[in-house]
Amino acid sequence: MHFPDLGEFRFVEKLLQNAAPLKASAPATRTWLGVGDDAAIFDGWVVTKDLSVENSHFRLDWSTPEQAVEKHIVSNVSDISSMGAVPRIALLGLCLNKNWSEETRNRVRSALSEGFAKRGITLIGGDTVTGSEGVFSTTLLGTLAGEKPLVRSAIQPGDNLYVNGTLGKSGAGLWLLLNHPEDKDMFPSLVEYHLNPRIAEGAGAEIVRLGAYGACMDISDGLSSELNHLALASGVSLEIDEKSLPVDPEVARMCAYYGISPMEFALNGGEEYQLLFANSQPDSIFNDVNRNVGKVYRIGSAVGKSDQVQVLMLCGDGEKRPVKPRAWSHL
């Protein structure tokens, strides 16, 4: 018996033909965790879901198909990483724009197939449709690198706050594309980071390996928003130091060129996909640049539990000012 030679069957067959093999390896610990963190956990499986919608999360007049797909995969992987876990299995929902050329469809398919396989992530199913806009929807499952997850509610007074990697790159790249596209070649690393962010994808698991259990989340909506999420989840007020924020050098250069403040991008630029974390371990365990974590910067500390938590920033003029959450909203 032979199935008819339908385009969808051929597309899915080619998508899966080089998929990473499924490993019969169950989670080592049978942890459960409900909603409220970057991922939930059921019976040991760490689970997240992210969507990327054409003209909202990516634009193919800015991005190549490969960049759009990589950014989507990174957005899911960073959620798993922030829990101190390693991605293993994916289910893919794919809406192909009915106006995409055959070449674009094939490039999207190849990028998805290669993007999951090179990370050892096994595609075990999903669905494919067509519509007026392209949509990538991934449900990603991972397993904990240690005995327990990194969660937002784990900050204790006296813990230090860290970020891995410099800040503001993606937000600055988006600002360039929106406001000065004619100058995008002057700051190519910023544009590239916005379109195709490269992160230390094993950072969360490496933090666990170093014994630095504590609070953690990825910086997807902007540092100001994520700091307030951590403070509320832990019931602890936080203080950061403006002078300690690792503004990316290219962000600083771009802002000097246009006469704008780099703090807008460092605090409120989303889609960084790097980690904001807190723990009580000595700074020395992060002193060496670890290829699995990247460069780590201490930006502040947790100062005390309170019913009225707040996030304050010690500014350059010596004043402490509230850091208000300024997250991106799709609604």
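Working note: Karplus 6.51/-1.76/1.60 with θ = phi - 60° gives segment 206-212 the couplings 5, 4, 5, 4, 6, x, 8 Hz, where Gly and Pro are set to x. For segment 244-311, the percent of C-alpha pairs falling in each 5 Å distance bin, counted from 0 to the bin holding the largest distance, reads 3, 12, 19, 21, 17, 16, 9, 4, 0. With the Cα gyration tensor of segment 210-331 giving a ≥ b ≥ c as the square roots of its eigenvalues, does the rule (a/c under 1.5 for rounded; else a/b larger than b/c for prolate; else oblate) give rounded, prolate or oblate? Rounded, since a/c falls under 1.5. For the chain, the mean residue ellipticity at 222 nm estimated from helices alone is -9000 deg cm²/dmol, where every DSSP H run of n ≥ 4 contributes -39500 (n - 2.57) and the total is divided by all residues, rounded to the nearest 500. With the convex hull drawn around the C-alpha atoms of segment 34-148, the volume per residue stands at 102 Å³.
Accessible area of the chain with a 1.4 Å probe: how many percent of it is carbon plus sulfur?
Details: 8030 of 15580 Å².
Using a 1.4 Å probe with all protein chains present, the chain comes out at 52 percent carbon and sulfur.
Could you tell me how many degrees, from 0 to 90 and to the nearest 10, lie between the Cα long axis of helix 223-234 and the main elongation axis, the longest principal axis, of the Cα atoms of the chain? Computed tilt is about 80 degrees.
Around the amide H of L150, modelled in the peptide plane, lie the amide H atoms of G84, all under 5 Å away and 5 or more residues distant in sequence or on another chain. With every protein chain present, what is the per residue accessible area of the chain (1.4 Å probe, Å²)? Counting only protein heavy atoms, the per-residue value for the chain is 47 Å².
Taking the DSSP bridge list for the chain and keeping only pairs wholly inside it, about 75 percent are antiparallel. Distances between placed amide hydrogens fall under 5 Å for L123 paired with A20, A90, all partners being 5 or more residues away or on another chain. I want to verify a result. In a Gaussian network model of the chain, Cα cutoff 10 Å, which of these has the top mean-square fluctuation: F58, F116, F42? Fluctuation is largest for F42. Distant-in-sequence amide contacts of V303, defined by a placed amide H-H separation under 5 Å and a gap of 5 or more residues or a different chain, comprise G158, S237, L238, E239. Highest mean packing first, where packing is the average number of other Cβ atoms within 10 Å per residue, the peptides 191-201, 307-317 line up as 191-201, 307-317.
Compute, for segment 31-151, the length of the dipole vector about the Cα centre, with Cβ point charges of +1 (Lys, Arg) and -1 (Asp, Glu) only. Units Debye, rounded to 20.
Working: 11 positive and 15 negative charges, 38 e Å.
Value, rounded to 20: 180 debye.
Which of A20, A203, A172 moves most in a GNM of the chain, Cα contacts under 10 Å? Highest fluctuation of the listed residues: A20. Among K14/K169; K169/K243; K71/K169, which pairs are too far apart, with a Cα-Cα distance over 25 Å? Too far apart for the 25 Å limit: K14/K169.
Treating segment 103-241 as a set of equal point scatterers at the Cα positions, no solvent, please give the Debye-formula log₁₀ I(q)/I(0) at q = 0.14 Å⁻¹. Scattering profile of segment 103-241, log10 relative to I(0): -0.96.
With +1 on each Lys and Arg Cβ and -1 on each Asp and Glu Cβ, and nothing else charged, work out how big the dipole of segment 185-272 is about its Cα centre, in Debye to the nearest 20. Before the final figure, lay out the partial values.
Values: 4 positive and 15 negative charges, 37 e Å.
Magnitude of the dipole: close to 180 debye.
What's the angle, to the nearest 10 degrees (0 to 90), between helix 7-16's Cα axis and the longest principal axis of the chain? Long axis of 7-16 versus the principal axis of the chain: about 50 degrees. Our summary of shape: the Cα atoms of the chain have principal axis extents of 75, 52, 37 Å, ordered from largest down, in whole angstrom. Rounded to the nearest Hz, the phi-derived 3J(HN,Hα) couplings of segment 253-267 under the Karplus curve 6.51 cos²θ - 1.76 cosθ + 1.60 (θ = phi - 60°) are 5, 5, 5, 5, 5, 9, x, 10, 7, x, 5, 4, 7, 5, 8, where x marks glycine and proline.
Shape analysis of segment 144-191 yields a ratio of the Cα radius of gyration to the Kirkwood radius, Rg/Rh, of 1.27. Remark: segment 133-139, residue by residue, has Karplus-estimated 3J(HN,Hα) of 9, x, 9, 10, 9, 10, 9 Hz, where x stands for each Gly or Pro and the curve is 6.51 cos²θ - 1.76 cosθ + 1.60 at θ = phi - 60°. Just checking the listed ones, G34, G126, G165: in the Gaussian network model of the chain with Cα springs under 10 Å, the one fluctuating most is G34.
The values are calculated or read from the model by the stated rules, or taken from the named source; none is laboratory data. From a predicted model like this one, the values you see are computed outputs, not experimental measurements. Cβ atoms come from the backbone with ideal geometry, glycine included; neighbour counts cover every protein chain shown. Side chains are part of the model used for accessible areas, which takes the heavy atoms of the whole protein and leaves out ligands, DNA and RNA. Shrake-Rupley method; radii C 1.70, N 1.55, O 1.52, S 1.80 Å.
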